[in-house]
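Here the structure is laid out as structure tokens; the discussion comes afterwards.
Nothing in this text is a laboratory measurement; each read-out follows from the coordinates by a stated rule. Please read these numbers as outputs of a predicted model, since none were measured by experiment. Cβ placement follows ideal geometry from the backbone for every residue including glycine, while neighbour counts extend to all protein chains displayed.
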């Protein structure tokens, strides 16, 4: 070969593939939001974000999705209100 590039591809071993598939999948943000708010209905979305280690914007998107699905509802005034999780 003159000035070219040689690439050799190897198939992953089955042992390695099975080890990679053993890892647990992370909990989805909407599920985590519901879990936190069930136990702490007076939390703000910022407190939820801090608790689950996600950004506030990610938690806001998840909360809006849950509200649209009828699974989450905010009761009362913005200050002093609480979250209601539908089962």
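Return the equivalent ellipsoid semi-axes of the range 27-85 as a descending list in whole Å, where each equals the square root of 5 times an eigenvalue of the C-alpha gyration tensor. Could the numbers behind the result be given before it?
Working: eigenvalues 50, 33, 21 Å².
For the range 27-85, the ellipsoid semi-axes come out as 16, 13, 10 Å.
Pairs of Cα atoms under 8 Å, at least six residues apart: use those to get the relative contact order of the range 30-75, whole percent. Don't skip to the answer; put the middle values down first.
On the way: 30 pairs, mean separation 17.3, N = 46.
38 percent.
Quick one: length gained pulling residue 82 to residue 27 fully straight, 0.36 nm per residue minus the C-alpha distance?
On the way: separation 55, 0.36 × 55 = 19.80 nm, distance 2.35 nm.
Additional length available on full extension: 17.5 nm.
With label points built 7 Å along Cα→Cβ from the Cα atoms of residue 74 and residue 35, find their separation and express it in nm.
2.4 nm
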